[in-house]
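Trainee: Before anything else, here's the structure in question.
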Amino acid sequence: MKDYAQIVKVSEDEKSILRQLIELYEYDFSEFNGADVNAQGFYGYSYLDHYWTEEKRQAYFVKVDGQYAGFVLVNDFCYLVQENARSVAEFFIMRKYRRNGLGQQVARLVFDTHKGNWEVLQHGNNDAAQHFWKRVIHEYTNGDYRVEDVKTEYWEGKGMVFNTSEEQVKGDV
C-alpha cells in the first residue's frame with residue numbers, strides 16, 4: 001500500500017467544500033437508508049455547522065496528492081460507550097480511491113490522532129461497511145475489540161468498540 005493519504009482538518013471557510021462532499025456521501029448512502037433529496041435537490045446534513053461550534057467534533061478532509069478524496073467526521077456522540085469516547089460519525093472515500101488501502105490508512109490516521117475509546121457503527125444494510133470496519137479494526141487492535149448490536153433512532157446495525165491507547169501494539173501501515 002502506498003503511503004500517500006493525508007487527513008487535513010477542515011477550516012470553517014472550507015465548509016462549502018465539505019458540504020458538497022457530504023452530498024456525494026449521502027447520495028451513496030441513500031442505497032442503505034432510502035433517503036430522498038429535498039425540494040431544492042439536496043440531501044442536506046443537519047449537523048454540519050456543529051463541527052465548528054462543538055469542541056469534541058472534528059471534520060477532516062482526506063487528500064491524496066493534494067486532491068480531495070473524501071472526508072471523516074469524528075464526534076463524541078456514542079450509543080455504546082458512555083464515557084470519554086469518540087465515534088466515527090461519517091466516513092467517506094470517493095469511488096475513484098476505494099479498494100487500494102486508502103480507507104484503512106485513513107482510519108489508522110484518525111485513530112492515531114485521537115487516542116482513547118472508540119465506537120464505530122455500521123448500518124445493518126451496509127455489508128461492505130461492516131466487512132471493511134471488521135477487517136480494519138481487527139488489524140488495528142490485533143483483535144482486541146467487541147461487536148454489539150445497536151439501534152439508533154433511525155436505523156439498526158452493528159457497533160464496534162475498542163481502545164487506541166498509546167501502549168497498543170499496531171501492525172504496519
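Trainee: Test residue 110 against the criterion of being touching a residue at least 60 places away in the same chain (Cβ under 8 Å), open to solvent by less than 70 Å² (accessible area, probe 1.4 Å), under 22 Å from residue 139 (Cα atoms) and out of contact with any helix residue (DSSP H, G or I) (no Cβ under 6 Å at 6 or more places or on another chain), and give yes or no.
Mentor: yes
Trainee: Any residue that is assigned to a strand (DSSP E or B), open to solvent by 10 Å² or more (accessible area, probe 1.4 Å) and at pLDDT 95 or above - is there at least one of those in segment 124-145?
Mentor: yes
Trainee: Mind checking which residues of segment 5-28 are open to solvent by 40 Å² or more (accessible area, probe 1.4 Å), under 24 Å from residue 154 (Cβ atoms) and of a type outside the set (D, E, K, R)?
Mentor: The answer is 20, 24, 27.
Trainee: So, in segment 113-122, exactly how many residues are on the phi < 0 side of the Ramachandran plot and surrounded by fewer than 19 Cβ atoms within 10 Å (Cβ to Cβ)?
Mentor: Final tally of qualifying residues: 3.
Trainee: Give segment 29-51 a look and list any residue that's among the hydrophobic types (A, V, I, L, M, F, W, C) and open to solvent by 60 Å² or more (accessible area, probe 1.4 Å), or say none.
Mentor: Hits for segment 29-51 are 37, 39, 42.
The values are calculated or read from the model by the stated rules, or taken from the named source; none is laboratory data. These numbers come from a predicted model, not from an experiment. In this analysis, Cβ positions are derived from the backbone assuming ideal geometry, glycine residues included, and neighbour counts consider all displayed protein chains. Note: areas computed on protein heavy atoms with side chains; ligands, DNA, RNA excluded. Shrake-Rupley method; radii C 1.70, N 1.55, O 1.52, S 1.80 Å.
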